[in-house]
Amino acid sequence: MELLTWMPLLGLAIALPLFFLVYRRSLVDRPPAMKLAATTCRFIALLLLILALCRPFFTRKSDDVHVAFLLDGSESVDPGEMRRGVAGIKKSIEGLKAGDTWSLFLFARELKRTDFEQAEKFIAECEAGRGDAVFRSSTDLAGALAGARFDLPANRGRRIVVLSDGLLESPVAEAAERLGAEKTDLRFVKLGSLDKPEAAVTSIEAGTPLAFEGEMVRFTVKVASNRDMNAKLRLIHRGVAVAEQSIKLTAKEETACHAEVRMVTSGDTVWDAELVPDDDWFPANNHLSMTLPVRGKPRILVIHEKPAQMRPFERLMREQDVTLETRGARGLPDSFEEILAFDAIMLADVPATAVSPKQMASLKRYVTDFGGGLIMTGSENTFGIGGYFKTPVEEVLPLVSRFEKDKEKPSLAMVLVIDKSGSMSGPPLALARQAARSAAELLGNQDQIAVVAFDDQPQLVLDLTSAANRAQVAAAIDSIAEGGGTNMQPGIVQARDILRGASAKLKHVIGLTDGQFDPMNIVELCREMSDSGMTVSTVAMGSGAAGELLSQMAEAGRGRFYQSDTPENVPQIFTRETMQASRSAIKEDLYEPASVTEHPIMAGFESAAFPPVLGYVMARPKPTAQVLLAVESGDPLLAVGRFGLGTGIAFTGDLTERWGSEWLAWQGCGKFWAQVFRGALRKEEWVGIETASHRERGRWDIDVRATDDAGRALSAVPWTGHALDDTGKEFPVSIEESGIGRYRVRVDPGEAPRLTLRLHDPERGKVKTLRWERGYPAEYRLSGQPDVTLAKVESFAFAAPRDGIPVVRIRTSALPWAGLAAIVFMIAGIVLRRV
């Protein structure tokens, strides 16, 4: 008999003296022999109870076994080999003893418990080409072994038999070591791989880890096949085949192909190798991508509604070896990866309504987390007048759109007519309320605002009130609740009546709805309002709104019509419209700039005579911004700020003939603006950071070594890491120190096709950007080799399923026996005392 714990035996140190005292001082009138026997029985009962607390058990040997069979059902295994495996499993089960047990699993991307009928059905579907493609797309044996462990009983000999071709997505060394520690026997049966005509791209590499613009780079693409066949190999960049060659593939051999390509653009360039074979089974392994960083001339993206107006400025920049790529209003990339291809981005003349919320969020992350530069210049479509008030873009600019309106500017009375019908419930109405609050914030203290909500009937939410009462205005706007139908005309009538009593010089109405309504005479009403000095602008939220009617209303009311396909754009529309209506954001005249602050951007131009601007957009500097140039009134003209890892620059004038003709004619214009751009360029300081990437069970693991300028290892580096996919979605990054000056970074890419990781050491200002491309699973790698650990595992003989399984010892608890004996001795003691 053995004990699980000895601690309760310490109770004997107390029990022995206690029983001696009880025996010596007992007043029981019994013969000494009977008294001694009764006391002894009670002592033995207590001893047995203490022994029971020690959890005693007996052990015995058992030769009962449990065998778990794991059958590989991935794409790389031939279905005929799967059938051979099933037949072998059946034979093994026949060789088990009556007391033995077994279980059967299919594994590929995940582990599935199955039986022979389901396994036969699965194999038949694979033979017919109808197998579950997602399940069969990869082989996670490490995960399958971890799952099968929990199916193994504790009181039997345990064996796991893996039937696979050995082509795995991740190594199984750690899982095999764990099984060995748990005394679980692991065996392996080699299955044959799929015997279909197949060709694959096995690797793509560039001859250099970093290229420069204009450099010829040699790409090496390796391909393989299991048949002799002809194929075409293409190297694709930005959807265009930049190189193509015909090749002859030899069975079971890897063929290396080369292509030399001149780097014509800078940035992080993505190259895709595409193989088009004569005969092929899997299309998944015909593509493989890589990312090559290309450095060279600064590449800056400029967004302008009329790109032709930027041509004079583009010529000046080309003379300074600065490349501007000018695109129209919708030219900002949707993909975060495409944004990262530029060293800086300039929003020269594009309204916020042309930039999606996703693009705005990407621009903010591009600056703060990836060190990009964002530049905005003045126009009727930028800053507050362009609708950028309180957007992610404004957060990374040194200026805010709200400013104190000049007293000489005409005061404005504005009425917001907002649809609150049932169709506006949820996010649309919440965004409409947000838009109304933002519009109210942009009004000056001498302006007035009223809010009318409507469904079937109008509701006066806020009577004409000074915009200085911001808390009252915000509270009234927040009280708008949805419900009812849609009838806009009574709301417009009420807005007209409110403005008739207003004394402001400018009277404006903004109407918003997401539905259809009876036109009645609403267009004539807007024309009547226009004739009496009022203006009407309208917003159609979504494709279901009465866009044509609202457009007619805006035309008749001499206002502007906005079509918003997504509710998220409504706040930008309202802020843009408010500043347009107030006529206070733009100053047009001749304004002389003056240098205000010393800054590296101003180096060499501290005493320069800057040319005048013919107009600018009014804004206010943030507390952390540095104003470099200002006009006579003190309004900022050029300002810069640091935001996260990147830089935001604002120039409230413009660089076209409208306001910037004097600048374009200035001899120092090109040199100065090249210096401004270089001050905003995305920088990557990575000297002292060495990295090595590898894959581990679906993760992206990076080993990092950090050293100082003298090459000494650095410990306790406060790393920060940001990993994003092409859509800007962020993925968790874990960073831990694994040794002196060494760190392990882990990222789970999930289903993302590629990731960009930026490691930042804030203490030293060091930054390293890494790219990860998802290759295809090991199933499709014709040059793949069986897992090293699995290849060393002892093979399994179907005819002898029990051979080699170690005998186990089974524990049987003695607790019930100890408890029963304690009760018997306790009763005996009582009997000897009483009888």
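The values are calculated or read from the model by the stated rules, or taken from the named source; none is laboratory data. Predicted model only: the values in this text are computed from it and were never measured. Neighbour counts run over all protein chains shown; Cβ positions are idealised from the backbone, glycine included.
In the set 642, 682, 658, which member is in a helix (DSSP H, G or I) and either touching a Gly at 6+ places or on another chain (Cβ under 9 Å) or closer than 30 Å to residue 708 by Cα (or both)?
Every option except 658 fails the conditions.
One residue alone among 379, 411, 401 is at pLDDT below 90, farther than 14 Å from residue 438 by Cβ and crowded, with 24+ Cβ neighbours inside 10 Å, and that residue is 379.
The residues of region 130-145 that are farther than 10 Å from residue 172 by Cβ, part of a helix (DSSP H, G or I) and either out of contact with any Cys (no Cβ under 9 Å at 6 or more places or on another chain) or modelled with pLDDT of 90 or more (or both), listed by number, are 135, 137.
If I filter region 275-305 down to residues being touching a residue at least 40 places away in the same chain (Cβ under 8 Å) and out of contact with any strand residue (DSSP E or B) (no Cβ under 7 Å at 6 or more places or on another chain), which single residue comes out as nearest to residue 332 (Cα to Cα)?
Initial filter on region 275-305 (touching a residue at least 40 places away in the same chain (Cβ under 8 Å)): 275-282, 284-305.
Right, trim to out of contact with any strand residue (DSSP E or B) (no Cβ under 7 Å at 6 or more places or on another chain) and you get 281-282, 284.
Values: 281: 39, 282: 36, 284: 31 Å.
Restricting to residues being touching a residue at least 40 places away in the same chain (Cβ under 8 Å) and out of contact with any strand residue (DSSP E or B) (no Cβ under 7 Å at 6 or more places or on another chain), the top hit is 284.
Which residues, taken from region 236-252, are charged (D, E, K, R), without any contact (Cβ under 8 Å) to a residue 24 or more places away in the chain and over 13 Å from residue 273 (Cα atoms)? Passing the criteria: only 248. Can you confirm whether residue 154 is more than 29 Å from residue 774 (Cα to Cα), of a type in the set (Gly, Ala, Ser), free of Cβ contacts under 8 Å to residues at least 40 places away in the same chain and not assigned by TED's automatic domain parsing to the domain that holds residue 283? So residue 154 fits the description; yes. Checking 243, 251, 284 one by one, the residue that is at pLDDT 90 or above and of a type in the set (A, V, I, L, M) is 243 and no other. Of all the criteria given as (1) in contact with a helix residue (DSSP H, G or I) (Cβ under 9 Å, 6 or more places away or on another chain); (2) over 30 Å from residue 224 (Cα atoms), the one not satisfied by residue 265 is (1). Between 358, 390, the distinction of being in contact (Cβ under 8 Å) with a residue 40 or more places away in the chain, among the basic types (Lys, Arg) and closer than 22 Å to residue 580 by Cα belongs to 390 only. On the stretch given as region 715-747, residues that are modelled with pLDDT under 90, closer than 18 Å to residue 775 by Cα and out of contact with any helix residue (DSSP H, G or I) (no Cβ under 7 Å at 6 or more places or on another chain) total 1. One residue stands out in region 217-235 among those that are more than 13 Å from residue 259 (Cβ to Cβ) and in contact (Cβ under 8 Å) with a residue 40 or more places away in the chain: the one that is surrounded by the most Cβ atoms within 10 Å (Cβ to Cβ), namely 225. Contact map, region 169-180: residues that are within 20 Å of residue 74 (Cα to Cα) paired with residues that are of a type in the set (Lys, Arg) and part of a loop (DSSP other than H, G, I, E, B), Cβ distance under 9 Å, separation 6+ or inter-chain. Pairs shown: 169/109; 169/697; 170/697; 171/697. Taking the criterion of being assigned to a strand (DSSP E or B) and surrounded by 20 or more Cβ atoms within 10 Å (Cβ to Cβ), the only residue of region 462-505 that qualifies is 462. Among the residues of region 194-207, some residue qualifies, meaning at least one is over 30 Å from residue 263 (Cα atoms), buried (at least 19 other Cβ atoms within 10 Å of the Cβ), of a type in the set (A, V, I, L, M) and out of contact with any Lys or Arg (no Cβ under 6 Å at 6 or more places or on another chain). Each residue in region 482-502 was checked for being at pLDDT below 90, within 24 Å of residue 546 (Cα to Cα) and out of contact with any helix residue (DSSP H, G or I) (no Cβ under 8 Å at 6 or more places or on another chain), and 1 of them qualify. Would you please name the residue that is nearest to residue 671 (Cα to Cα), looking only at residues in region 604-640 that are surrounded by fewer than 20 Cβ atoms within 10 Å (Cβ to Cβ) and small (Gly, Ala, Ser)? Filtering first and then ranking leaves 604. Of the helices (runs of 4 or more DSSP H) lying entirely inside region 517-582, those carrying at least 2 residues that are touching a Phe, Trp or Tyr at 6+ places or on another chain (Cβ under 9 Å) and buried (at least 17 other Cβ atoms within 10 Å of the Cβ) are 547-556, 570-582. With the condition kept exactly as written, say whether any residue in region 219-229 is under 31 Å from the mean Cα position of the chain (by Cα), under 29 Å from residue 336 (Cβ atoms) and either part of a strand (DSSP E or B) or assigned by TED's automatic domain parsing to the domain that holds residue 324 (or both). Checked against the condition, which is being under 31 Å from the mean Cα position of the chain (by Cα), under 29 Å from residue 336 (Cβ atoms) and either part of a strand (DSSP E or B) or assigned by TED's automatic domain parsing to the domain that holds residue 324 (or both), region 219-229 yields at least one hit. Evaluation of residue 457 against the conditions (1) within 30 Å of residue 618 (Cβ to Cβ); (2) at pLDDT 80 or above; (3) surrounded by fewer than 20 Cβ atoms within 10 Å (Cβ to Cβ); (4) among the polar types (S, T, N, Q) shows that the sole unmet condition is (1).
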